[in-house]
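Below is one structure, written out as structure tokens; the observations come after it.
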């Protein structure tokens, strides 16, 4: 057998490692163990005041005439487990800042004006195919400190019996503040990729973002 040079061995190892990480993360081949969606801090603005309207359309509040400010978007995705199996009827707890970067939270110090017509919080379930979908607005960036601006993101807490509850944050591609965000940049490149939504289409003038979620079974 012909001897391989050290340079060629290193090259082949790198290609093999990149290919393996890609397939594990995206689940494009059968028989592989998929990487769970990375967890992230819940943050200080999880809703503390209950509200009646927590449906899948965050752009409207029941009883309000006006709709939320900002660019309306649709977020859709599928929930699976680390073996690639569909996770049906998982509970998704979703919250985010409005288009001004303000949360519906009494302790949010952001001086930006609160959008009173933005729902800000939704609790929905994945369907019998593991799919979920909701309508919202593109969240605004906001100051976390005098030197740190948080990029647009949406918080998720996903729960299903038999699986580890996942708390994470979904980010949007090509946002300038992604590059300096202390939380996002603390993740590996593979983790950052898994937490980034993908713009896939338009529904009329509404951008559609895909964000697939992988849960870790308690039996692993």
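Summary of computed values
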item	result
Single residue of segment 120-164 satisfying the filter (surrounded by fewer than 14 Cβ atoms within 10 Å (Cβ to Cβ) and more than 17 Å from the chain's Cα centre (by Cα)) that is nearest to residue 209 (Cα to Cα)	129
Scan of segment 196-220 for residues that are at positive phi and touching a residue at least 24 places away in the same chain (Cβ under 8 Å), ordered by number	none
All strands (runs of 3 or more DSSP E) inside segment 69-175 with 2 or more residues being farther than 17 Å from residue 56 by Cα and free of Cβ contacts under 8 Å to residues at least 60 places away in the same chain	142-145, 148-150
Residues that are under 16 Å from residue 144 (Cα atoms) and crowded, with 16+ Cβ neighbours inside 10 Å, drawn from segment 172-184	177, 178, 181, 183, 184
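Quick note: the coordinates plus some simple rules give every number you see, no bench work behind them. All figures in this text were calculated on a predicted structure; none of them were measured in a lab. Using ideal geometry, Cβ is built from the backbone for each residue, glycine included, and neighbour counts are taken over all protein chains shown.
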